[in-house]
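Right, one structure below, let's go through it.
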Amino acid sequence: MGAVTIRNLDDTVKHNARLAAAANGRSLEAELRALLERTYAGAQDERAARIRAMSGREFVEHLVKVANGAELELPERTVDPHRDVFGAD
């Protein structure tokens, strides 16, 4: 696989890319890789590139949609009153 270095990138562009990456649960590198794959993937690799470019949340939503929905039983949430609470000094 190749590597790319981008010089002289405007700070605002980099900042906005970092915000987008955080919103998608990815690193800046992963966000930019996803953008490049979505934009420049070959026609035969387009579906695979779209899936690789998804954030974790988008991928789960995609799987649920493909499976025609999902029913999840969540365990009851319990709170241990004797647990250590960090930062509660």
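In region 60-80, the residues that are more than 17 Å from residue 47 (Cβ to Cβ) form Cβ pairs under 6 Å with partners that are of a type outside the set (Phe, Trp, Tyr) and in a helix (DSSP H, G or I), at six or more places apart or across chains, as follows: 70/64. Only one entry of 61, 37 meets the criterion of being in contact with a helix residue (DSSP H, G or I) (Cβ under 6 Å, 6 or more places away or on another chain), among the charged types (D, E, K, R) and in a helix (DSSP H, G or I), and that entry is 37. For region 1-28: of the residues being among the charged types (D, E, K, R) and surrounded by fewer than 10 Cβ atoms within 10 Å (Cβ to Cβ), which is farthest from residue 57 (Cα to Cα)? Restricting to residues being among the charged types (D, E, K, R) and surrounded by fewer than 10 Cβ atoms within 10 Å (Cβ to Cβ), the top hit is 7.
Considering region 38-72, and only residues there that are within 23 Å of residue 22 (Cβ to Cβ) and of a type in the set (Lys, Arg), the residue that is surrounded by the fewest Cβ atoms within 10 Å (Cβ to Cβ) turns out to be 57.
Is at least one residue of region 48-60 over 14 Å from the mean Cα position of the chain (by Cα) and modelled with pLDDT of 80 or more? Within region 48-60, not a single residue is over 14 Å from the mean Cα position of the chain (by Cα) and modelled with pLDDT of 80 or more. All of 50, 18 fail the test of being of a type outside the set (A, V, I, L, M), touching a Leu at 6+ places or on another chain (Cβ under 8 Å) and in a helix (DSSP H, G or I), apart from 18.
The values are calculated or read from the model by the stated rules, or taken from the named source; none is laboratory data. The structure displayed is predicted, hence computed values, not measured ones. Glycine gets a Cβ as well: all are built from the backbone with ideal geometry, and neighbour counts include every protein chain shown.
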